[in-house]
Each structure stands twice: as structure tokens, then as C-alpha cells.
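Everything on this sheet refers to the single structure shown next.
What follows draws every value from the coordinates through simple rules; no lab data is involved. All values derive from a computational prediction rather than experimental measurement. Cβ coordinates were reconstructed from backbone atoms using ideal geometry, including for glycine residues, and neighbour counts include every protein chain displayed.
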């Protein structure tokens with residue numbers, strides 16, 4: 001009798017744990033997809049970086065969210081570079097923002113140092129480095145450009161950088 005009671009208690013406890021895990025996992029929502037277009041989108045490694053780096057944030061068609069609902073205080077490039085305060089404006093279906101040029105350049109140099117260049121790269125072919133822009137809407141939902149081909153292309157006219165350290 002006692003074994004049957006313990007089995008029932010453990011089964012109910014297991015069902016409670018499984019139910020709680022299901023409820024907790026279903027309350028989280030994946031971020032909305034965002035398409036980012038940087039300006040400048042192409043840059044030579046031997047040139048100087050721009051004072052500001054612009055980004056156009058768009059919601060893909062049918063994605064279920066509106067870029068007019070973005071909270072500008074939450075926008076981050078690579079998780080740590082905020083936009084320049086007061087730089088966000090809406091134009092032709094996109095939110096346009098600006099990031100500090102030095103900060104973006106440093107992030108770009110970090111990616112080049114970490115990832116290097118592909119083995120088939122040449123001094124005339126630009127290499128694409130992906131960047132992630134994230135943020136939140138005023139209602140608390142989030143968006144992310146991850147996997148949406150948000151890149152800056154770099155050309156190395158004076159020679160390719162050395163490979164990254166092992």
C-alpha cells in the first residue's frame with residue numbers, strides 16, 4: 001500500500017514539474033526578425049572610419065511588428081554599442097539610427113582579428129562581417145537582426161591581415 005502511495009506522489013510530482021516546465025518555456029517569445037542595412041556598407045581597411053555609422057532598421061514583410069514601436073533606449077549593436085542619443089528618425093518604412101563610428105570600427109577590427117579572412121579572399125574582394133542589432137519595442141517584445149544578413153564588407157587593398165591566432 002505504501003509503495004503504491006509513493007508511486008502516485010512521485011508521478012504527480014513529475015507531472016507538476018513537466019507542466020511547470022511547459023508553462024515557463026511557452027511564455028518566452030523569440031525576438032522578431034529585423035533587417036539592418038549599414039551605411040557605409042563597404043569600407044576599405046586603409047581608409048578612415050566615419051564619424052558616425054548609420055543603420056536602417058526594417059521589419060520583414062509579414063513579421064508582425066512595426067519599426068515605429070522601437071524604444072530607442074534599448075537598441076544595441078553587438079550587445080554593447082548603443083545608438084547616439086537622439087539620432088533615431090523614421091523615414092520610408094525604416095527606423096534610421098546612428099552609432100559612434102569609433103565604436104563600430106573597433107568592433108569591426110575585433111571581428112577581423114577573431115575571424116580573419118576566408119582562405120579564398122583577395123585584396124580586391126570585400127569580406128563580409130556580420131553584425132547583430134538588438135532592441136525592444138515599447139511593449140517589451142524584442143527584435144534581433146541575427147541571421148538576417150546584416151553585414152559590413154571590408155576590402156583589404158594594402159594586403160590581407162594575418163590569420164587569427166590558434
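Here are a few things to note about the model shown:
- Order of 2, 41 - criterion: other Cβ atoms within 10 Å of each residue's Cβ, fewest first: 2, 41
- Linear extension gain, residue 109 paired with residue 80, 0.36 nm per residue minus alpha-carbon span: 8.9 nm
- Ordered by the count of other Cβ atoms within 10 Å of each Cβ, fewest first, 42, 131 give 42, 131.
- Between residue 149 and residue 121, the modelled labels are 2.0 nm apart [label points 7 Å from Cα along Cα→Cβ].
- Calculated FRET efficiency for the pair residue 29/residue 3, C-beta based, R₀ 41 Å, to 0.05: 0.40
- Kirkwood analysis of region 47-105, using all unique Cα-Cα pairs, places the hydrodynamic radius at 12.2 Å.
- FRET efficiency for residue 142 and residue 92, using Cβ-Cβ distance with R0 set to 25 Å, rounded to 0.05: 0.55
- By average C-beta atoms within 10 angstrom, highest first, the peptides 132-140, 43-51: 132-140, 43-51
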